[in-house]
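Single-structure report; data block below.
Just so you know, all these numbers are worked out from the coordinates, no wet-lab data involved. The structure presented is a predicted model; accordingly, all values stated were derived computationally and were not measured. Every residue, glycine as well, gets a Cβ built from its backbone with ideal geometry; the counts of neighbours run over all protein chains shown.
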Amino acid sequence: MGLVRRYWSDRFGLRARMAASYVLVTAAAVIVVEAVVIAFTIPNLLASQDLTTRVRYTAYAIADAAASASTSSTQLLLPPGYVLGQTDGSLGPGQTKAQANGIEIPQLTGAYPAGSEPLTLAIVFSSDGTVLASSYPERYPIGSQVFSLLPYGPKSMDVGDGGQISSVSNGQVAWVVVAVVQPGGKPVGSIKSLNGFVYVQAPVQAMTIGSFAAAEPLLLPGLIVLLLAVPVGTLFGLLTTRGVVRRLRRLASTTESFSDGDFAQRVVAGRPDEVGKLERNFNEMAARLQSAVARERLLAEKSARLAERSRISRELHDSISQDLFSLSLLAGGLEKALPADSPVRAEVQALADTVQSTNREMRALLMELRPTTLDEKGLVPALEELASNYSTRLGVKVDAELEPVSLAPAAELAALRIAQEGLANAIKHAHATTIRLGMRRRGEFAEITVTDDGDGFVPNGNGTGQGLGLKLMRERVDELGGSVAIESREGEGTTISATLPVSSS
């Protein structure tokens, strides 16, 4: 049983559960409808059956009384003033009152409108339809014909004494016709050969009486519908849920691929229903997660680059910088040990100058490799720290005049790189002793300037020098919608000016 349930769940899954829900809902609806029908219909039917029995019992009682009151033993003759009903009765149209095993027959003295509800009444009449006694003499006086009252006319006497429910013009009545048998006599031949008959009717009223046997004819169609609901509901559930289940399976397959690391997976959003909303939300979540993973990778790569630059910086400082320092000491000691007129004194002096210049360039290179504090402190503190480091570690005077300007993160990084490149070039190539670093706002742009008093150079045709650093600087600024200008003359220093767009936020 467990294997069958597992196979059914794996094979159909949600479709099976939804089909089962359709079957259960249909079955519940059928059961509720059956219960309502039984609650409102069966009591009325059974109450009518009980009323018919009471009407028949009352008719037999009136027939026995009429036979006993007859003044003739050969035919039914009732004494003058014979009263069928109870004179103290007060039943009106549409009313019935149980009494012992029968019903109360009121002796009606007035007349009711023709459109009134049916009345409870009794009539004794002869075989030719002549009224012999009546509980409603105003409507059916003695001597009048009664066949027009009977539901089937004269044929009503052939129906027998079983009693029936019939519809009349203003409602339903339970009625019966029984023969009057005088003491010592018995019906012979046709019922029409008898001397007299009793007709009794009562309006049908709802009564709270129930029986399962009476409800059986109504339950059978409901049972048939219930049996048909199982295959129909199953088929309907499987057909109507096929599209939804297919979309959910596609979404589940995509999430599995997504969980395996394929962040480019997306689902095709369908109709604007709940599943479609789930598909669109998944696509949005996938796009955000993919962007977050990409940013995380960029940060990891950036951290790796910074770690590598820090490692290279330490290696250069611990090895080459120390070797250059030792070589500088050796060159100085050698220069002091040589006599003033030594022919190699000039070469030793050139060696000392070269070592000093190389050491200076090495320090500038270490400054470029050293990680900055842009992300933690902001652009202005990072530029101030950069200027302070060049002043204290390289012995170059750097004057910084920095005005806070709101820039996008990419523009802030570009401004920092421009300042680093300008300061490094002034130290390594221009041999500057004084550098001015500035930043201020000009309209919708921020201007970053680096001015030195170094050797200067002759710019080429596009306004830049021959160095790769200056070329990369221009490309970086162009991508951000800014511009770079370089002014330089040999022996008069250099000014690098870059403009970057101000952030709108």
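Data overview
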item	result
Cβ-defined net charge surrounding Ala111, 11 Å radius [Lys, Arg +1; Asp, Glu -1]	0
Net +/- balance of residues flanking Thr433 in space, Cβ distance below 9 Å, scoring K and R +1, D and E -1	-1
Highest-first arrangement of 256-265, 493-502, 111-120, where packing means the average Cβ count within 10 Å	493-502, 111-120, 256-265
HN-Hα J in Hz across segment 279-296 - Karplus 6.51, -1.76, 1.60, θ = phi - 60°, x for Gly and Pro	5, 5, 4, 5, 4, 5, 4, 5, 5, 5, 5, 4, 5, 5, 5, 4, 5, 5
Pairwise label distance in nanometres, Ala287 with Ser388, each label 7 Å out on the Cα-Cβ vector	4.5 nm
